[in-house]
Structure formats: C-alpha cells, structure tokens
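Written out below as structure tokens is the structure these notes cover.
Only the coordinates and a few stated rules stand behind these numbers; no lab work does. Given the structure is predicted, the values throughout are model-derived calculations rather than measurements. Quick reminder, even Gly has a Cβ in these numbers, built from the backbone with ideal geometry, and neighbours come from all protein chains shown.
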Amino acid sequence: MEINSLLPNAPVEPVLDMDEIQGIAVPGFFKPHQTLLYLRIPDSQEVLNHFKAFLKASAGQFATAQQTLQDRRTHREAKRARAVIDRTEEAPPLVAIAFSSGGLGRLTPGSAAIASPAFQHGLIARSSMLGDPIQPHQEGHPSHWKVGAPGKELDALIVVAGTSRKSVDLRADELSEVLQRAGVAVEPEQGDVREDLPGHEHFGFDDGVSQPGIRGRASDTPNDFITDRELDPDQIPDAWLYGLPGQDLIWPGEFVLGYPGTSPDPLVPGTDSNAFPGWTKNGSFLVFRRLRQDVGLFWRTMKDEADRLSKLPGFEHVTDEWLASRLVGRWPSGAPVSRVPQADDGYLGGDRYANNDFLFDSDTPPGKLSGNHPKYPTAKADPVGVTCPLAAHIRKVNTRDSSSDMGARTSTYDRRLLRVGVPFGKPVKDKYVGSDLDPEQGNRGLLFLSIQSCIEDQFEFLQARWINDAIRPKMPGGNDMVVGQNAPAEDGVRRCGIFGSGLEQAEVKTAKQWVIPTGGGYFFVPSISALRDVLAT
C-alpha cells in the first residue's frame with residue numbers, strides 16, 4: 001500500500017545506514033536454510049593475522065542491510081507475481097559474522113569498553129540466571145554443551161543463509177576451506193525449515209508469527225520503509241503503530257546501536273541506543289542458543305495432563321492439542337486461540353493479515369484493509385486469561401495491550417527481539433515417540449538466534465524475568481510451560497493455571513524439561529566499516 005508518511009500523526013522515521021548494518025540485524029535473515037560456522041581461533045599471532053587478513057578481504061562479502069532488504073523485496077515480488085524462481089539463477093546466500101567477547105577482544109582491545117556485562121561475561125557465566133541446569137549430571141548443564149562448552153567457547157560465528165541447501169552448503173564449504181587454511185578451527189551445523197511443515201518448529205507449531213517490524217527507512221524517499229505498511233491511516237486511527245495488522249513497529253535503536261529507541265509514546269522516538277566505542281555504531285548484539293527439543297516427552301506429557309484434566313468438571317473436552325495450544329497461545333497452524341478458542345483454523349493461521357491481529361485486555365476492533373480479505377472471528381477481551389492463559393508463551397513475551405509489572409502496554413516495545421534462527425534436525429514422524437525408538441535419538445531442536453541492542457534488557461529480561469517467573473509479567477499466571485527453564489532456587493516444577501468451559505480453574509504442572517540448552521554464546525555483530533577498518537587492522 002502506498003502510504004504518505006507526511007500525513008497527520010505519522011512519525012518521522014530515521015534513515016538507517018543500510019550499507020553499514022549487517023543484513024542479519026536489519027531486516028534479518030529469514031531464509032529456509034542456514035549453516036552456522038562455529039569458529040575458534042588458536043592462541044597464535046600468526047593465525048590471528050591470517051584471520052584479520054580474511055576479514056579485510058571478505059568485509060565486502062558480508063550481506064548488508066540494503067542487499068538483504070533488496071533480496072527480500074525481490075523474493076516477495078516474485079511470489080506476488082506467482083513467478084517460478086529459477087533455482088539455477090537464485091540469489092547467492094547471505095552471509096553474516098559475529099564475535100564473542102573473547103574473540104572481539106583479541107581483535108581490538110577497545111572491545112573491553114562495550115558496556116554490556118552479559119556480553120563481556122558470556123553465556124556460560126549467565127546460564128544459571130537463565131534457569132539452565134546447575135547440576136553437572138544434567139544434560140543442559142554447560143559442561144555437556146555441544147557448542148561453546150567451558151574451555152571451548154566460540155570466538156566467532158558465521159551464518160550462511162539461502163533459499164536452497166545446495167547453495168548454502170557450497171558457500172559454507174568455501175568459507176570453511178579459506179578459514180581452515182588460515183589455521184582457524186571451523187565446525188559447521190545445518191539448520192533447515194521443516195519440509196513437511198514449513199515455518200513450524202519441532203513441537204508442530206507455526207513459529208515467528210508475531211515477529212515485530214522495524215521502524216525506519218532505507219533511503220530518503222518518504223515511503224521507503226524497511227517494514228512494509230499495510231494499514232490505511234484514513235481508515236484505522238492507530239495504523240501508524242503497525243506494519244501488518246497486529247505487527248508492532250519498533251524503533252530501530254532496540255535492534256541496532258546508535259539509533260532512536262522506544263519512548264513512553266510509541267509514535268515518538270526515544271534516546272539513541274548507546275554506541276560506545278564509536279565503532280560499535282550500526283552494530284547489534286546476537287544471542288545464540290542451541291536448544292534441543294524432546295518432542296516425544298512434550299506430547300506425552302500433554303496427553304497425560306489432558307487425560308487427567310478431562311476427568312475434571314469443565315475440562316471434559318480437553319485433548320492434548322487443545323492443552324498444548326493453550327500453553328502456546330496459538331493452534332498448530334498459527335491461528336491465535338484468542339480468535340478461535342474452540343478449534344484450529346488453518347486459513348486464519350496462514351493469513352498474515354489476520355493471524356497476529358488481536359488484543360488481550362480489550363475487544364479487538366475489526367480490521368479495515370483495502371481489497372477483499374476473509375472475515376474471521378475477532379478476539380474478545382480476555383484480561384484474566386480465560387481463553388488465552390496468562391502464562392501462554394505468546395502472552396509471556398509480548399503483553400500487547402495488557403499492563404505488566406513494568407507498566408502500561410508501551411513497556412513491551414523495548415523488550416522485543418528480532419528472531420532470525422531456524423530448526424535443526426529431522427522432524428519426528430511419531431510425535432509421541434520415545435528416544436529409544438527415535439532414529440535421530442532426539443537430536444532436533446532450534447538454533448535460536450535473536451537480534452537486540454541490549455542483551456540484559458531484552459533477551460535476558462524475557463527469559464529470566466517473564467518466561468521463568470510464575471507471577472510476571474502479570475499475575476496470577478504461572479511459568480511459561482513451553483520454553484521456560486526450571487529455576488534452580490525453586491522445586492524444579494513449572495506450573496500455570498487454565499480455565500475450563502464454565503470458568504472452572506485447574507493447574508497444569510510438570511517437572512519434566514523438554515527444551516534443553518545444548519550450547520550457544522553471546523555475540524556482537526559489527527558494522528561493515530568496523531569489520532574492515534577496526535577489527536581487520
């Protein structure tokens with residue numbers, strides 16, 4: 001939709017330095033295939049010099065925000081035109097690079113001035129605060145991590161993302177060969193969107209539906225928005241809050257250093273996110289978590305709990321899918337339970353103009369879009385979580401119009417993440433299967449990657465303060481039963497409350513852990529010029 005950004009109430013959005021920002025941060029890599037290259041640089045000045053030479057020579061090969069945005073626009077235009085994409089002429093894979101505190105410190109001593117305790121200390125040191133296991137015998141304890149374990153922390157991470165596995169493998173192999181010749185230890189890991197259920201994670205739910213939009217423009221052209229605007233401000237008073245219906249627009253300083261962040265008024269820019277030292281401007285922080293998902297355990301637990309609940313008054317209708325969907329806040333298709341409480345609706349789940357358009361505390365007004373769009377039920381006010389539980393995953397990480405322990409609805413805006421990860425491992429054929437009968441022996445999950453300007457106030461806040469906490473962001477709720485980690489100071493049991501058909505209340509609880517951390521790290525994604533002029537010198 002062509003929208004005049006000079007209309008009344010339209011915020012003036014900054015032009016981002018699209019040739020400086022790496023594309024994984026803006027607008028984000030959203031490709032079906034990725035290979036992560038885990039890099040460790042031996043303690044050798046010669047190898048370090050070779051690595052710096054690699055950075056110098058390769059700085060122009062890392063995808064910029066402009067290149068990534070153009071790649072996305074080209075793909076969308078082809079999709080809209082229903083054009084057949086010629087795989088022999090597909091765009092080359094997108095490549096990004098990020099550095100841990102240890103790796104960055106070896107390239108420039110100035111990195112010690114970056115004011116992020118989380119980044120400087122690293123993920124291992126913060127692991128227990130996130131609720132990860134603290135007992136050495138537990139699988140999720142850092143001593144058992146497959147990536148970034150103590151003594152084997154990564155120095156850098158390269159992400160190669162593309163539209164075909166073949167092209168990604170080819171580019172990843174080329175990079176690995178060059179780096180290994182330079183003396184760098186390289187370990188690759190593949191991640192791929194599920195072929196059987198594209199866009200779904202391994203538990204079977206459509207993932208990433210509520211991804212925020214990024215405020216800002218790619219050029220001086222008034223309407224050259226990084227995130228498309230689909231709502232007509234002549235028809236919808238709060239159109240400037242959203243890209244797609246329900247897609248919050250977040251000021252770029254929440255994702256990239258040196259740009260305006262959130263203020264109490266979401267239409268007014270706040271102060272610039274801290275970019276110190278100066279070369280960190282146009283950079284971002286990247287959180288990487290390798291999370292194994294025990295699919296069989298999750299669904300067996302859902303079935304057992306559903307069987308137990310179905311014997312209680314008001315819960316006779318409960319099935320494992322109904323229960324799991326309440327705990328997620330969406331049905332497997334992505335359809336929000338707030339709009340269709342009784343059963344999944346695949347058409348709604350796949351409709352990006354409707355599947356994220358709902359509120360919690362207020363009745364959701366009908367959307368007004370140009371053209372013909374299907375009509376679906378609107379979401380009714382649900383302030384106490386009768387339909388969508390207060391502990392549902394989607395309510396834990398995005399309070400929408402609800403107040404929280406941090407204040408009114410705008411408190412959510414500076415907590416949002418841009419998720420750019422992908423599943424790993426083959427999908428399970430029998431979702432109830434035990435690991436003893438699983439050909440992959442449970443080796444599947446999520447290569448979680450998130451972009452933010454502050455690890456402490458965004459990723460760590462969401463995981464430690466809202467997801468894991470039983471009384472936040474809004475009580476009485478419970479723990480996030482889907483992705484929450486058991487807090488070591490408690491009894492190791494996650495709990496949440498749900499309502500039955502007649503407002504009967506019941507508790508869901510388990511000590512079982514079906515999302516297990518198996519690696520990761522905290523990283524900094526520098527600008528292109530920082531790569532070339534600071535880190536490579």
* To do: Would you please give the FRET efficiency between residue 221 and residue 81, computed as 1/(1 + (r/R0)^6) with r the Cβ-Cβ distance and R0 = 30 Å, to the nearest 0.05?
  => 0.85
* Asked: For labels at residue 74 and residue 125 in the simple 7 Å Cα→Cβ model, what's the distance in nm?
  -> 4.3
* Using alpha-carbon pairs under 8 Å, 6+ residues apart, how would you state the relative contact order of the chain in percent? -> 23
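Subtract the Cα-Cα distance of residue 185 and residue 173 from 0.36 nm times their separation in residues, and report this length gain in nm to one decimal. Don't jump to the answer; show the numbers that get you there.
Values: separation 12, 0.36 × 12 = 4.32 nm, distance 1.32 nm.
Result for the pair: 3.0 nm of gain on full extension.
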* To do: With a cut-off of 18 Å, note down the residues of region 495-537 whose backbone N falls inside the zone around a label point 7 Å from the Cα of residue 112 toward its beta carbon.
  => 535
* Alpha carbon centroid spacing (whole Å) that separates region 5-75 from region 392-442 -> 25
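Counting only helical runs of four or more DSSP H residues, what would the 222 nm mean residue ellipticity of the chain come to if each run contributes -39,500 (n - 2.57) and the total is spread over all its residues?
Details: 10 runs with 96 residues, N = 537.
Rounded to the nearest 500, it is -5000 deg cm²/dmol.
Expected output is a single nm value to one decimal: the length gained when fully extending between residue 45 and residue 316, i.e. 0.36 nm times separation in residues minus the C-alpha distance. What is it?
Numbers: separation 271, 0.36 × 271 = 97.56 nm, distance 6.77 nm.
Here the segment from residue 45 to residue 316 would lengthen by 90.8 nm.
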* Burial ranking of peptide ranges 179-188, 297-306 (average Cβ count within 10 Å, highest at the top) -> 297-306, 179-188
* Gained length - residue 134 relative to residue 378, 0.36 nm times residue gap less alpha-carbon distance -> 83.4 nm
* Taking neighbour counts of Cβ atoms within 10 Å as a proxy for exposure, in what order, fewest first, do 18, 481, 475 appear? -> 475, 18, 481
* Structure fact -> Row for the chain, column shape: gyration tensor on C-alpha, a ≥ b ≥ c, rounded if a/c < 1.5 i.e. under 1.5, prolate if a/b over b/c, else oblate; value oblate
* Using the structure shown, select from 31/56; 31/396; 375/512; 375/429 the pairs with a Cα to Cα distance greater than 31 angstrom. => 375/512; 375/429
* To do: For region 61-164, count the residues as N, evaluate 2.2 N^0.38 Å, and divide the Cα radius of gyration by that value, please.
  => 1.52
* Per-residue Cβ neighbour rank within 10 angstrom, fewest leading, 271, 262 -> 271, 262
* **Ascending count of other beta-carbon atoms within 10 Å, so fewest first, for 472, 80** => 80, 472
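Can you compute the FRET efficiency between residue 495 and residue 267 using 1/(1 + (r/R0)^6), with r the Cβ-Cβ distance and R0 = 45 Å? Round to the nearest 0.05. Working shown, then result.
Values: r = 38 Å, r/R0 = 0.85.
With R0 = 45 Å, the Cβ-Cβ based efficiency is 0.70.
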* **Computed label-point distance, nm, for sites residue 149 and residue 235 using a 7 Å Cα→Cβ extension** => 5.7
* Modelled label-to-label distance, residue 436 and residue 512, 7 Å Cα→beta-carbon offset: nm? -> 1.5
